[in-house]
Every structure is written in C-alpha cells, then in structure tokens.
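Have a look at the structure below, then the notes.
Derivation of every value follows stated rules applied to the coordinates shown; laboratory data play no part. What you see is a predicted model, and the numbers here were worked out from it, not measured in a lab. Every residue, glycine among them, receives a Cβ derived from its backbone with ideal geometry; neighbour counts consider all protein chains shown.
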Amino acid sequence: MSQLLVGLILVLTCLCSAEEAFDPPAPKWLQEAEIFNGCYFKPSQELVQDVFPKFSCIVGGIWSGWTVEKLHKLGVRVIPYIDFVQSPWPEKGSTKEYTITFEGHADWIRVDKEGNYMPTFYAPNKGWYQGCFNAVGFQEACLEKVRRAMQSGVDGLFFDDCGSCRAECYGPQFGKHEHVNEDWDGIDAMDHFLVEARKIIKSFGDDKILMMNAWRPRRRWLKVCDCQMWESFINGPSRAREYNLSNMQYIADHWADYEDTGKRIVALAYSGSTTGDVKEDAYFAYAWARLLGFPWADWFTLKDKPGRELYDVKLGKYLQKHQKLDSVMFRACENGVVVTTIRDGEQSVTIPLPAPFRHVRLLDVYSGAPVPVDSGKLTVTLPNRAGRVYVAQPTGGEARAE
Ligand SMILES: [Zn+2]
C-alpha cells in the first residue's frame, strides 16, 4: 500500500515537473527565418503586396483595409504587437482592443521602493505606468488579452517592453496591492506569465509563436518563448556605428551556442538612426546579425533608402559556425557569405570557404560587382567598420568540381 502511495506521489511529481517545463520547440518556419519585419504605420498597398511577403513574419497590427485572411492569402504571417504597460500608443499596430489599461486598476501598477507608482521608462511624465506581474489579478487580465488576440487567427504575438519587469515591486510593503507569490522577483513573475501565455498561444497551433522584446536577450528567457528581440542591435537611436568592436566579439562568443537551443533572437537595427552612412550602417548590422545566427529586421527604416536590397537576400542554411580570420569574421551559407571587420581600418582578406560551398561566382550585394571564388577562396576588401554580404549569382555560376 505504502509502495503504491510512493508510486502515486512520484507520478504526480513527474506530472508537475512536466508542467513546469512546458517548452515546446520553435516552429520550423521560425527556425529557418532569415529576415523579419515590423510595421506600426498604415502600410501602402504596394508595401503589403510587394514587400511584406519577402519576410518570414510581420510584427504589427491589422491595419484598416486589411484582415488576417487577406494577409494570409498573400503568404504574410501576422504577429500583432501587445504591451503590458499602460501603453502610450493604444493605436500602435491598430490592436487597441488587446492593449492593457490600468483604468480602475491602480492595484496592478508596479510600485517603487519609495511607494510611488512606476512610470514607463519612455513616457515618465504622461501617466503611463508599468504593470506588476505579481499583482493579484494582473496576469489573468493579460492572459485574457492574449486569448482574445489569438482568436483573431494571427500567427503569434509580440510582447513589447518585457525588459521593464526587472525592477522589483514594493506594492505589498506600501499596501498598494498583494502579491501572488512573495518569493517571486520581477523576472520570476514575468517567467510565469510568459509560460502561461505561451500555453495559450500554442493551443492555437504548434506553428504559433511568442516573441518578446527583452531589450537585450537573456538566456533564461530562451526557455519561455520562441523568439527574443534584441532592440537597437548596433543601429539604434542611442547608439552609433562606433559600437565597440571588441564587445561585438564578446557577444559572438557569448551567443555562439544559442542556435543549438532551437530558439531565435531577432536583431532589430533601426537604419538611419545613427550618425553614420545609412547604407554602411545597415550592412554592418545585417552582417553581424546573420553571422551570429540572428534573423535581421529594420522595421522598414530602409524601405525608401539605400540598403533596401537586403530585403531580397536569401542566404539559406549555414554551412559552418562563425569563423574568425585575422581582421574579419565570416560565415558561409548555402547561397552566400557574410563578412564583418573586427579591427578598425580597411581590411583585405582571403577567406577559405568550406567544401560544401559550391558557387564559384558571387555578387557583392553592396556594390553590385561580381566577385570570383578562386580555388575555394574568396578575396575581399572591406572599408573601415564594415559588413558585406556576397550571394551566389542567379545565373552563370559554375559548381566547384568534386
Ligand atoms: Zn507588485
């Protein structure tokens, strides 16, 4: 009898552990994605029909005149934007009905150690606040928004501003609200919410995704979502292309094994936000992103600028991990090669390509010039702090001899 009881307890323990470890793999389409994009403005008919289908998914809302069904017919996956702060942009992406508000619910607002309600970092004086995922009732309200959004037939959801959850909440100490679990810190509470939200999202199909904006990606969050965003990757409003090159090499080492997790980190580079040349900056961020195995996105900041040809690049599967050679890093893919400099100044280098790379004639996407592959080696010259991408020419390339 006692053995039966022990067995029952063990089974229940295993079931509970399995519940805790809910973490299905990211869908195949996401694992193969090379470029994403996001659109928070009402897009033109041409942008939707001609440009949107180039991307694995479009983050944003359902714009007037467009439905999920119409977008799906064009082959466009739709990932609406949601945030769980008191949003200053309730119309952002036109998903107003999914955006949380704190009207009548001051008990959901995060409280700082002085007892003040915590404003959003980007609108500190406008009455917009951060939510506390440990506050009684707040997670349930957010999960209901998630359920309603998924019922519209979309392909997943993008949760913005998740990085703000790092701050502690002192609500109970000041009598502002009770916490569901007094042992949770802000990130524990966010973890719990993300797991529960992802269960709802996956209940609509294994191919649906949860993408979160972590500001900077975190390893622990690889287990609670399908995709994290790295916002302002190299190019951002607060950053210029003088981005520290040794720091980029540290990042390359730090995230070297992340692809083995099957999850993705999308690198969002805001082209035109820096003081440097827009096209050079775009290529530098693109090359670093693809080198690190990250899908790249620009939130359409290049749509009418030099560099938008990057929207058409398809590199295919990686043939190797990223490689360091003298003053550059590079990575070969089925259909091309990305290269970035890791030292200041112009760099010339001859890159040995891995044996499975079959193309003998490439195109420098930046300049449009042909570049030969000689005896399995690619010789290139890059200007100061530059990234380049070389793709197999659609015609005229001859396969390398066995
Ligand atoms: Zn709280």
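Below is a table of values for the structure above.
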quantity	calculated
Likely footprinting exposure, 375, 44, fewest C-beta neighbours within 10 Å first	375, 44
Estimated vicinal HN-Hα couplings, Hz - the stretch 332-340 in sequence order (Karplus 6.51, -1.76, 1.60; Gly, Pro = x)	9, 10, 3, 10, x, 9, 10, 9, 9
Amide H partners (placed H, <5 Å) of residue 366, local residues excluded	389
For the chain, size of Cβ-based charge dipole, Lys and Arg +1, Asp and Glu -1, in debye	860
Cut-off under 5 Å, modelled amide H: who pairs with residue 373 long-range	361, 362
The stretch 22-231: relative contact order in percent, alpha carbon pairs under 8 Å with at least 6 residues between	20
Fewest-first ranking of 260, 191, using other Cβ atoms within 10 Å as the exposure measure	260, 191
Mean separation of Cα contacts under 8 Å, 6 or more apart, over the residue count of the chain: relative contact order %	12
The chain, helix-only ellipticity at 222 nm - DSSP H runs n ≥ 4, -39,500 (n - 2.57), divided by all residues, nearest 500	-6500 deg cm²/dmol
Of 28/263; 28/324; 208/321; 73/317; 113/176, those spanning more than 18 Å from alpha-carbon to alpha-carbon	28/324; 208/321; 73/317
Paramagnetic reach from residue 204 in the stretch 121-153 [backbone N under 11 Å; point 7 Å along Cα→Cβ]	145-153
Vicinal HN-Hα couplings computed from phi for the stretch 113-118 (Karplus, 6.51 cos²θ - 1.76 cosθ + 1.60; Hz; Gly/Pro x)	6, 9, x, 8, 5, 8
Pairwise Cα inverse-distance average, inverted: Kirkwood Rh of the stretch 244-310 (Å)	12.6
Estimated FRET transfer efficiency (residue 314, residue 23; beta-carbon r; R0 35 Å; 0.05)	0.75
Under Karplus coefficients 6.51, -1.76 and 1.60, residue-wise ³J(HN,Hα) of the stretch 216-224 in Hz, glycine/proline x	10, x, 10, 4, 5, 7, 4, 8, 10
Nearby lysines by direct alpha-carbon distance to residue 305 (threshold 26 angstrom, same-chain neighbours under 8 apart not counted)	42, 54, 92, 279, 314
Partners for residue 377 among aspartates and glutamates (Cα-Cα distance below 20 Å; same-chain residues under 8 apart left out)	326, 334, 346, 364, 398, 402
Taking 222, 210 and counting other C-beta atoms within 10 Å, the order from fewest to most	222, 210
Rounded to the nearest 20 debye, dipole of the stretch 22-231 from Cβ charges on Lys, Arg, Asp, Glu	480
For residue 120, distant residues with modelled amide H under 5 Å away	128, 129, 130
